Amino acid sequence: MKTETHNLTTSRGATAAVVARPDGEATAAVILIHEWWGINDHIRDIAGRYASEGYICVAPDLYRGKVAKDSEEASRFMYELDTVDGLETISQALMEAKRAYGVQKIGITGYCMGGTFALRAACELSELAAAAPFYGDIPEEKEIAKLKVPTIFFAGTRDKWINPEKVAVLKKAVREYSLPLEAVSYDADHAFFNDTRPEVYDAAASRDAWQRVLAHFGKYLGEGARPTGA
C-alpha cells in the first residue's frame, strides 16, 4: 500500500486529500468522507483498508486541516461547514481521482457527518457509481428524490441522532420514489463502526457492514476492485 497527499482547489480555498492506494493497478476508487472529527488516524486507517481491498481511496479534507480535539469543537466545525462548500470539495476530489489515476468508476462512503455528505453527494453527483453512507443525516425530500446512484445506508437502532424515525422517513422516500437504496439497521449506537471509541464500537455490526460494503462496491465498481487478501 502507498499513501500520498493531493492538493485540491475550491472556490472557498485550498485543501487536500489523503490517498491510500494498492501496490497493484486499480481502475476504481472510493471517496471517503471523514466524521465530524476531521482527517484523523481512524480515517487514515479506513482508507488503508480500502487500499488493501484493491481500491484507490481518496479522503478529501472538508475542514482544510482542522482536526477536532473534543466533541464540542467537532460540533462547531461541522455546523460551520457549509453544505455547498463540502460538496464542492467532494466534487474536486472526484475529479482529481479521475485525473491522477485514470479510474473508470468511483464510489463514495462516509461516517457520521461524512455519511451525511456521502448521501447528499450521491443525490447530486451523477459521476458516482455507488454509495455506502454510514449513519448520516437524511437530505430533504426534494434532494433524496433525485437519487439515482445504487446506495446502501447503515444505521443503528440505538442512535439518538440518526434515529429509527429518521430511517423510517428514508425508507418511505425509497418506496415513494422507487429509489435504488437499501437501508440496513443494527442493534447498535451511533458511530458503531469506529473502533477507536470502545463506548460505541460494535464489532459484530462493523464486520457485517464491512462485508456488505465490499459486496456493494464489488458489484457496482466491478473489476476495479482487486482484493489482495490483506
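Brief remarks on what is shown
- Among (1) modelled with pLDDT of 95 or more; (2) surrounded by fewer than 22 Cβ atoms within 10 Å (Cβ to Cβ); (3) farther than 18 Å from ARG44 by Cβ; (4) out of contact with any helix residue (DSSP H, G or I) (no Cβ under 9 Å at 6 or more places or on another chain) - the single one GLY65 does not satisfy: (3)
- Residues of region 37-56 satisfying the condition of being under 14 Å from GLY218 (Cα atoms) and either among the basic types (Lys, Arg) or in contact with a helix residue (DSSP H, G or I) (Cβ under 9 Å, 6 or more places away or on another chain) (or both): TYR50, GLU53, GLY54, TYR55, ILE56
- Some residue of region 18-40 being of a type in the set (D, E, K, R), under 26 Å from ARG76 (Cα atoms) and surrounded by fewer than 16 Cβ atoms within 10 Å (Cβ to Cβ): no
- Count of region 41-55 residues which are in a helix (DSSP H, G or I), in contact (Cβ under 8 Å) with a residue 60 or more places away in the chain and in contact with a Pro (Cβ under 8 Å, 6 or more places away or on another chain): 1
- Filter result (without any contact (Cβ under 8 Å) to a residue 40 or more places away in the chain and in contact with a helix residue (DSSP H, G or I) (Cβ under 7 Å, 6 or more places away or on another chain)) within region 151-169: THR151, PHE153, ALA155, THR157
- 1 or more residues in contact (Cβ under 8 Å) with a residue 40 or more places away in the chain: qualifying helices (runs of 4 or more DSSP H) within region 56-145: 71-80, 83-101, 113-124
- Qualifying residue in region 166-174 (condition: among the β-branched types (Val, Ile, Thr), modelled with pLDDT of 95 or more and within 17 Å of the chain's Cα centre (by Cα)): no
- In region 117-131, the residue that is nearest to LEU81 (Cα to Cα) out of those that are buried (at least 24 other Cβ atoms within 10 Å of the Cβ) and touching an Asp or Glu at 6+ places or on another chain (Cβ under 9 Å) is ARG120.
- Residues in region 1-40 that are out of contact with any Lys or Arg (no Cβ under 6 Å at 6 or more places or on another chain), outside any strand (DSSP E or B) and closer than 19 Å to GLY115 by Cβ: HIS34, GLU35, TRP36, TRP37, ILE39, ASN40.
The values are calculated or read from the model by the stated rules, or taken from the named source; none is laboratory data. Computed from a prediction, not measured in an experiment: that's the story for all the values here. Cβ: placed from backbone, ideal geometry, glycine included. Neighbour counts: every protein chain shown.
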